[in-house]
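> Please find one structure pasted underneath; my questions will follow.
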Amino acid sequence: MSIAQRDAGMPGSMTHADVVSGIGTQWIVEAFGCDAAALRDRASLDALFDEMVRDLGLHPVQPSVWHTFDGAGGLTGFVLLAESHIACHTFPEHESLCLDLFCCRPRVRWDFERGLAAAVGASRVVVRHVERAYAPPTLPAAAG
């Protein structure tokens, strides 16, 4: 069974044409005005990862991995996906979070503003979207 067949009908699933298009999608996200305690709460951040995975129909290769910094420091987390990865770094001292979601296939945009407000109390969320090409662009033939 292909990935496209396996994902058929799942949220965020794409057609076979999307899978072979050679375009992935990446979201680079900064969240500000977050609750400092929530940024130190591994269970809440793990739940955030789980929600993103579920909503987008992603497939973790293994459970998420987290590093907790000493004292009042934050967390760094990562989940390896069949589609690529989710990475997160929290900065309680700045009440901020940086998140990266990369999928090797096009996906619908997740509601980062709602999800981060609910998970860590973010009052401002900045999302950048990047399409990632896997092959060089085809250039038109030179007139000669």
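> Could we say that Pro92 is farther than 17 Å from Gln26 by Cα and not β-branched (Val, Ile, Thr) here?
So Pro92 fits the description; yes.
> For the stretch 96-144: of the residues being closer than 20 Å to Ser84 by Cα and of a type in the set (Lys, Arg), which is modelled with the highest pLDDT?
So, considering only residues that are closer than 20 Å to Ser84 by Cα and of a type in the set (Lys, Arg), the one modelled with the highest pLDDT is Arg128.
> When Ala72 is evaluated against the numbered criteria (1) surrounded by 17 or more Cβ atoms within 10 Å (Cβ to Cβ); (2) among the small types (Gly, Ala, Ser); (3) touching a helix residue (DSSP H, G or I) at 6+ places or on another chain (Cβ under 7 Å), which criterion, by number, is the only one it fails?
So the condition that Ala72 fails would be (1).
> Which members of the stretch 105-133 meet the condition of being assigned to a helix (DSSP H, G or I) and touching a residue at least 60 places away in the same chain (Cβ under 8 Å)?
If the condition is that a residue be assigned to a helix (DSSP H, G or I) and touching a residue at least 60 places away in the same chain (Cβ under 8 Å), then Phe112, Gly115, Leu116, Ala119, Val120 are the ones that fit.
Matching residues to (1) under 13 Å from Thr25 (Cβ atoms); (2) within 13 Å of the chain's Cα centre (by Cα); (3) of a type in the set (D, E, K, R):
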position	(1), (2), (3)
Arg40	no, no, yes
Val120	no, no, no
Tyr134	yes, no, no
Pro137	no, no, no
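The values are calculated or read from the model by the stated rules, or taken from the named source; none is laboratory data. No experiment lies behind these values; they were computed from the predicted model shown. Neighbour counts run over all protein chains shown; Cβ positions are idealised from the backbone, glycine included.
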